[in-house]
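Below: the structure, in structure tokens.
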Amino acid sequence: MSHIFPRHTKQLPPVAARGEGCYLYDTSGKQYLDASGGAAVSCLGHGDKTIIEAVKAQLDTLAYAHTGFFTSEPAETLADLLIAHAPGDLDRVYLVSGGSEAMEAALKLARQYFVEKGEPKRGRLIARKQSYHGNTMGALSAGGNEWRRAQFGPLLIDMSHIDPCYEYRLKRDDESLEEYGVRAANLLEEELLRVGPENVMAFAAEPVVGATAGALTAAPGYFKRIREICDQYGILLILDEVMCGMGRTGSLFACEQDGVTPDILCIAKGLGAGYQPIGAMLCSRKIYETIENGSGFFQHGHTYLGHPTAAAAGVAVVSAILGRNLIPRVKTQGAKLMAALEAEFGQHPNVGDIRGRGLFQGVELVADRETKAPFDPARKIAGRIKTAAFEAGLICYPMSGTIDGQSGDHVLLAPPFIISDDQIDELVQKLSGAIETALRA
Ligand code: PMP
């Protein structure tokens, strides 16, 4: 009998035995194509010898040293590497163990920044509906996914959630994509004026929304207008690239393609590529200097901050992404995946939208393509796709999202950057079979 506390107590999972390239194998020998990299984690695939050797070498040298006493070579190297490639004036790196921790650190840093700056009223966060920023109480407060939040209220921070930039559902026919982008961004200004900008510390968003919306990209100009509004009202811009960062969308940081630099940027998942748990919060010089010249102490921390072994994995992963020229590959394989999805589902009566960027793509399912009506949640379409795909040996990431009850089921795809053309075909064929099985049920 297992003593593991599984995520779903009525659905015990198979035991994963080993991984190789884009495939995972369970203890019965069954093979699974990992088309979502777990949850957009395994960007280099499984069993990458270079990363494994880097981790082993670090364990032989120094497994761990507490940041209350020391920094370490791998942590310093990783911070240098990230800042060398980060946009704008991002200047400092705070290394944590995952995405929620990175977002918690971001929220607390934003708050401490304003307290030290002499603006203690600034405590409210504005984020977006249909977003996910992590599962710890602070990060969960920031996220706008009702289902994930429902039973944990009252949550921790004063929050507002505005509509996301969601072309498929919220753009009007009488406006261009650019006009819609500006209108969607102006919702931030409206909310700031409603709650009083002097009470707001930051706006948080995922540049490409992952888990809760299936690779939702923003309209051109959306984030530029968001940046302008943040600057005008003196609030910080926090971008959560936990899922979409580290090359996944075709640039090391997703925000590069939106032409903006945040004040705080969070990454995780692809940073360790699954070889070690690691996340990071990057912040601008202005924020760092306010703390440095103020209390000199960021009042936050965890035991495993800057973990040397995790940092060594991060150095090896970032070096592999850059050194093996994987970002151009994300673009070419991403274009092939998009073309294959369009060929398979472009005319499908229950596929409303196919979207995404790089190797971060989503398919939104609808009961009616004309009206865009979502499926009745009781049909559990996303859950059924997940089960049917898994049975067929495909790991993908179906979810049902809601925005005022107006979104349906979607499937997120985030395969390893090394995915081959044949594996793209295998992915699309297995996904197609799983969708048909779910629709028939
Ligand atoms: N932010 C985003 C955008 C995420 O997708 C996730 C995880 N799905 C998190 C934060 C939380 O990361 P973690 O699960 O590593 O705590």
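No lab work stands behind these numbers, since they all come straight from the coordinates. Values in this document were obtained by computation on a predicted structure and should not be read as measured data. Because the Cβ atoms are built from the backbone with ideal geometry, glycine has one as well, and the counts that use them run over all protein chains shown.
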- Does the range 205-252 come out rounded, prolate or oblate by the C-alpha gyration tensor, with a ≥ b ≥ c the root eigenvalues, rounded set by a/c under 1.5 and, if not, prolate when a/b is larger than b/c and oblate if not? prolate
- Can you grab the distance from the C-alpha centre of the range 154-208 to the C-alpha centre of the range 106-135, Å, no decimals? 16
- Query: Does the chain come out rounded, prolate or oblate by the C-alpha gyration tensor, with a ≥ b ≥ c the root eigenvalues, rounded set by a/c under 1.5 and, if not, prolate when a/b is larger than b/c and oblate if not?
  - Reply: oblate
- Taking R0 as 25 Å and r as the Cβ-Cβ distance between residue 80 and residue 286, the FRET efficiency 1/(1 + (r/R0)^6), rounded to the nearest 0.05, comes to 0.80
- Extension gain residue 119-residue 60, at 0.36 nm per residue separation less the Cα-Cα distance, in nm? 16.5 nm
- Item | Packing-based exposure ordering (other Cβ within 10 Å, fewest first) of 390, 114 | 390, 114
- Query: Listing 307, 300, 133 from the residue with the fewest other Cβ atoms within 10 Å to the one with the most, what is the order?
  - Reply: 300, 307, 133
- Message: Within a 10 angstrom radius of the beta carbon, how do 397, 132 rank from fewest other beta carbons to most?
- Response: 397, 132
- Evaluate the relative contact order of the chain (contact order divided by residue number), counting alpha-carbon pairs under 8 angstrom at least 6 apart; express in whole percent. 22
- Fully extended, how many nm does the chain gain between residue 224 and residue 299 (0.36 nm per residue separation, minus their Cα-Cα distance)? 23.9 nm
- Note on the structure: In deg cm²/dmol, rounded to the nearest 500, the helical mean residue ellipticity at 222 nm of the chain, built from -39500 (n - 2.57) for every DSSP H run of length 4 or more, is -12000 deg cm²/dmol
- Item | Dipole magnitude of the range 38-136 about its Cα centre (Cβ charges: Lys, Arg +1; Asp, Glu -1), debye to nearest 20 | 760
- Message: Using the crude model of +1 on Lys and Arg Cβ and -1 on Asp and Glu Cβ, and no other charge, please compute the dipole size for the chain relative to its Cα centre, in debye to 20.
- Response: 860
- Query: Which value in nm describes the separation of the simple spin-label points at residue 172 and residue 15, placed 7 Å from the Cα toward the beta carbon?
  - Reply: 6.0
- Ordered by number, the chymotrypsin sites (Phe, Trp or Tyr not before Pro) in the range 1-89 that occupy a DSSP loop and have at most 13 other Cβ atoms within 10 Å are 69, 70
- Given 30/380; 121/286; 117/269; 336/430; 224/386, which pairs have Cα atoms separated by over 24 Å? 30/380; 117/269; 224/386
- Query: Which peptide among 273-281, 4-12 comes first, and what is the full order, when sorted by highest mean count of other Cβ atoms within 10 Å?
  - Reply: 273-281, 4-12
